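Undergrad: The structure is given below, and queries will be raised subsequently.
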Amino acid sequence: MNAPNKARHPPEQVSELTTNRLSIYLRCLTELDAAGVETVSSQGLAEQFRLNAAQIRKDLAYFGEFGVRGVGYYVKDLRRHLRQILGLDRKVRVAIMGAGNLGLALADYPGFRQEGFEIAALFDTLNEKVGGVSRGGVAIHDIRQLKRVVRHERISIAVIAVPATVAQHVVDLVVAAGIKAVLNFSPGTLTVPEDVKLKSVDLTVSLESLSFFLARGEAGGDGA
């Protein structure tokens with residue numbers, strides 16, 4: 001930790017848990033930066049945000065030496081490096097498949113833009129929606145124009161917000177359009193080629209897990 005900010009190429013295989021933690025560290029550093037904090041130690045970062053100091057040091061060590069002995073981490077510099085590592089030092093353009101309630105809400109969520117994600121297009125099949133825009137001004141395109149719009153708008157991530165019955169078909173269209181990263185909000189299991197990264201967010205499963213937690217608590221309270 002004698003020399004600050006010595007970045008290195010990460011190993012070929014970095015676990016998803018590690019990259020998820022990097023996102024958490026980035027949010028914490030963003031909060032510190034906004035508060036005017038200039039330096040922070042791994043222990044200070046851990047204590048303030050209920051993290052693990054040893055895990056922070058281990059995760060960062062995959063990517064370089066970012067601390068200074070006796071000082072810790074320079075907040076702005078480490079935040080900048082994490083944004084580079086996560087590919088957020090450039091605008092990441094996103095398309096949302098489905099202009100229903102969920103799709104429109106996601107399109108207009110301001111937090112995406114703040115973190116470097118730009119919602120470039122919405123897609124739908126309904127004629128009454130095609131040609132319109134979301135409240136935030138995101139254009140709704142006919143899904144038949146997907147390949148053309150993806151190429152023209154340089155879209156690299158697709159978000160699936162369509163009914164489960166058509167989700168696989170839509171994912172197939174997304175893959176055929178050349179998109180290699182997909183975030184799925186539709187329930188059920190989808191399949192993609194090995195060279196495409198798919199992450200699913202199943203809100204129903206999460207709610208059922210919370211319901212199970214509550215049910216166990218109520219059962220325990222009854223003495224059962």
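Undergrad: About its Cα centre, what dipole magnitude does the chain give when the only charges are +1 on Lys and Arg Cβ and -1 on Asp and Glu Cβ, stated in debye to the nearest 20?
TA: Its charge dipole is roughly 820 debye.
Undergrad: Rounded to the nearest 5, what is the percent of antiparallel bridges among the DSSP beta bridges in the stretch 92-199?
TA: If we restrict to bridges inside the stretch 92-199, about 5 percent are antiparallel.
Undergrad: Okay, next question. Suppose every K and R has +1 on its Cβ and every D and E has -1 on its Cβ; what is the size of the dipole of the stretch 62-195 about the Cα centre, in Debye to the nearest 20?
TA: It works out to roughly 460 debye.
Undergrad: Report D for the chain in µm² per second (integer): Stokes-Einstein, Kirkwood Rh on Cα pairs, 4 °C, 1.567 mPa s.
TA: 65 µm²/s
Undergrad: Give the calculated FRET efficiency between GLN43 and THR165 to the nearest 0.05, with a Förster radius of 41 Å applied to their Cβ-Cβ distance.
TA: Computed FRET efficiency for GLN43 and THR165 comes out at 0.20.
Undergrad: Taking every DSSP beta bridge that has both residues in the stretch 10-138, what percent is antiparallel when rounded to the nearest 5?
TA: Antiparallel: roughly 40 percent of the beta bridges in the stretch 10-138.
Undergrad: What Kirkwood radius, in Å to one decimal, follows from the Cα pairs of the stretch 25-76?
TA: After inverting the mean inverse Cα-Cα distance, the result is 11.0 Å.
Undergrad: Okay, next question. On the principal axes of its Cα set, how long, how wide and how thick is the stretch 112-214? Give whole Å, largest value first.
TA: Answer, in whole Å and largest first: 46, 34, 30 Å.
Undergrad: Another question, if that's okay. Please state the charge dipole magnitude for the stretch 96-160, taken about the Cα centre, from unit charges on C-beta atoms (+1 on K and R, -1 on D and E), reported in debye and rounded to the nearest 20.
TA: It comes to approximately 240 debye.
Undergrad: I would also like to ask the following. Starting from the amide H of ILE96, placed 1.01 Å from N in the peptide plane, find each other amide H under 5 Å away whose residue is 5 or more places distant or on another chain.
TA: Amide H to amide H, under 5 Å and 5 or more residues apart or across chains, ILE96 pairs with ALA121, LEU122, PHE123, VAL159.
Undergrad: For the chain, what proportion of DSSP beta bridges, expressed in % and rounded to the nearest 5, is antiparallel?
TA: If I count the DSSP bridges inside the chain, around 25 percent turn out antiparallel.
Undergrad: Quick one: what are the phi-derived ³J(HN,Hα) couplings along the stretch 190-207, Karplus 6.51/-1.76/1.60 with θ = phi - 60°, whole Hz, x for glycine and proline?
TA: Once θ is set to phi - 60°, the couplings for the stretch 190-207 become 10, 10, 9, x, 4, 8, 10, 8, 10, 10, 10, 10, 9, 5, 5, 4, 5, 5 Hz.
Undergrad: Positive end of the dipole of the stretch 50-120, charges at C-beta (+1 Lys, Arg; -1 Asp, Glu), about the Cα centre: which of GLY72, ALA120, LEU51 has its Cα farthest in that direction?
TA: GLY72
Readers should treat all values here as calculations from the given coordinates under stated rules, not as data from a laboratory. Fair warning: this is a prediction, and the values are worked out from it, not measured in the lab. Reconstructed Cβ throughout: ideal geometry from the backbone, glycine too, with neighbour counts over all protein chains shown.
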